[in-house]
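Report on one structure; see the data block that follows.
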């Protein structure tokens, strides 16, 4: 008797075959599929449409937009299939063909996986590609190789990524962020995008920011379908009970991603917690893809062993794309790749089920297992913590570049001197040797710079025709102190102003009851030729030494000016009488002034030998913020707007007697924030809210707060108010 005649063989049936045995057909499966999708669609609408509308972050159209993504996707998919069968196939019973094709599904799914700001016309293009190329060209429902919705999504990602992830001004959404998330300044990137930037350190920060529960419930930025793991889990239970999907695919898929992600997390310091692995499962489109995409009966295997191989392959590829590529997700690509191998896995596993040679069976499955294990191992190896030897860098010295007021740090690497330039916030601007511009060296430089921050430096210098005013930052007893020092044209100190009342000393012992702010400056001015004569009294020793050191540092800047040999611009300001601009220049012969209009055209007579050089300096240093015009008791102030937007023009009206601002009219319509406005504005447009604050606090503009949602715009208007107050102060002095 033949061995095969004695071999018992049972072929497990796919879910839809088992349902057919009980009198249920594909239509019932599709109905169950839609029932499972409905809660996710409703949740997505509430999160991305209704809640932003209730919070006044979007309009009525924006409130409906999440539903429109799904409805437009479904309607366009139905229309394309109808036209296909009516004009291309030319079937007489089109409606019967449509009833068997279930045309709505790809359109609904595509509408759920694109970013929430995706234009509706782009959804139509994606649905066309999904329906025609991904489904109908293969012969229609049941004959397609790839999941149509994912194929359409991948097409949009490659062809229209910038448009798909851009700002949708009509509803206030931006990429995967709904209008409320944009207005609340939740972030500039989704959790998975942030994760791609730092696959180790970002996880704890993201969990701290959002919380695992919030991620599980679905209240993090993302597409309509990719946020609620809870609803995906409930859909999985429902579809499994209804025998609509094979439970093994989502279970093995998600489980393998969980295990591999845990291993990667464990070797990077997360061994004692499941947070890293849970983050990987709860974010991105994994849960939705596992339940609704990977389980599609047409594009997934039916053979039980094929199902297992298919599911492990999905998990290994997803982890590979997430951890060893520049892709922030990888679910869609993984499913499409495994779709290609579905038929091969079916044939492979079916033959092995009847293969009498057990060794061959074991070896065959072992080879496939090793392949998937190798893929997963590659992702693990790519994320092994790298031991990097810290470069041997020796800090030498630091100095301030008085021409730019930036800081220059000198280091020794071996015998080579390297100069690192930073701004006054210690952000690295330049490294003179390109060999040391790597992330490794920048990190090492930053650490040494942080340990050697400036205790005293010139923050600003303002030079006019008659004086030089310096702002010096010096370290006091408990905080930095700001000192304003004025010099005349002969470099004699004429004024020294500071405020040390934030220091911790309690009494003015030895000062005869006079506060150090009043006692020390006269002593510094009196002894400016020999600051060692300034008597630092008990009770405020550290503070007074800081003030003396500020004076010493100011004279270092004076020495820099005295040693200038080549023509340099050392200051510029606006002449409030004629609104032209005065440029203060120095060379070996001293200081002189040149006047120019707002377009940079020279109005002063200058030596032709240096005209070209002066014109270049003026052109490079034209002010961006100034009084553009004045008429009667009002001036128009120009200030820099957000990004590349046109400058803001603010009309400021004042009382000529009291020299107080009486009206502040701003027009910020060119700015990029959208209506409705941030909740901090209490439903009042920024053009109305900020001017009211400025009018109330014109005696102390520091009390005017830049508001979240329009920060850059707010600061621009505050600067306009400062320019206006400076002009009014000038008028006051002139009247005196």
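Things worth noting here:
- Candidate values (i) 2, 11, 15, 18, 16, 13, 11, 7, 4, 2, 1, 0, 0; (ii) 3, 15, 26, 26, 18, 8, 2, 0; (iii) 3, 14, 23, 24, 17, 11, 6, 2, 0, 0, label of the one derived for P(r) over Cα pairs in 10 Å bins from 0, in percent: (i)
- Gain on full stretching of the segment that runs from residue 122 to residue 494 - 0.36 nm per residue minus C-alpha separation: 127.2 nm
- Mean shadow area of region 539-593 over all directions, Cα convex hull, nm²: 5.6
- Relative to the compact-globule estimate of 2.2 N^0.38 Å, the Cα radius of gyration of region 154-256 comes out at 1.27.
- Taking only the Cα atoms of region 328-469, the radius of gyration and Dmax are 29.9, 103 Å.
- Computed FRET value (nearest 0.05) for residue 435 with residue 404, which takes r as the C-beta separation and R₀ as 25 Å: 0.55
- Stretch gain in nm, segment residue 212-residue 165, where the contour uses 0.36 nm per residue and the Cα spacing is subtracted: 14.4 nm
- On a per residue basis, the convex hull of the C-alpha atoms belonging to region 568-620 measures out at 77 Å³.
- FRET efficiency for the residue 587 to residue 425 pair, using the beta carbon distance and R₀ = 25 Å, is estimated at 0.20.
- Max-minus-min Cα coordinates of region 219-301 on each principal axis give 41, 28, 21 Å, with the largest extent listed first.
- Summarised as an ellipsoid, region 385-445 has semi-axes of 22, 13, 9 Å, derived from the eigenvalues of the Cα gyration tensor scaled by 5 and square-rooted, with the largest first.
- Normalised alpha carbon radius of gyration of region 71-133 [divisor 2.2 N^0.38 Å]: 1.12
- Placing dummy labels 7 Å off each Cα toward the beta-carbon, the span from residue 604 to residue 358 is 10.0 nm.
- Once C-alpha pairs closer than 8 Å and six or more residues apart are averaged by separation and normalised to the residue number of region 175-271, the relative contact order reads 19 percent.
- Rounded, prolate or oblate (a/c below 1.5 giving rounded, otherwise prolate when a/b exceeds b/c) for region 64-223 by Cα gyration tensor: prolate
- Calculated [θ] (222 nm, deg cm²/dmol) that DSSP helices of n ≥ 4 give over the chain, each run adding -39,500 (n - 2.57): -14000 deg cm²/dmol
- Distance between the modelled labels on residue 205 and residue 577, one decimal in nanometres: 5.4 nm (7 Å Cα→Cβ projection).
- Using a Förster distance of 60 Å, the FRET efficiency for residue 633-residue 417 (Cβ separation, nearest 0.05): 0.50
Coordinate-derived values only; no laboratory data. This structure is a prediction, so every number in the text was calculated from the model and none was measured. Here Cβ is always computed from backbone atoms with ideal geometry, including for glycine, and neighbour counts include all displayed protein chains.
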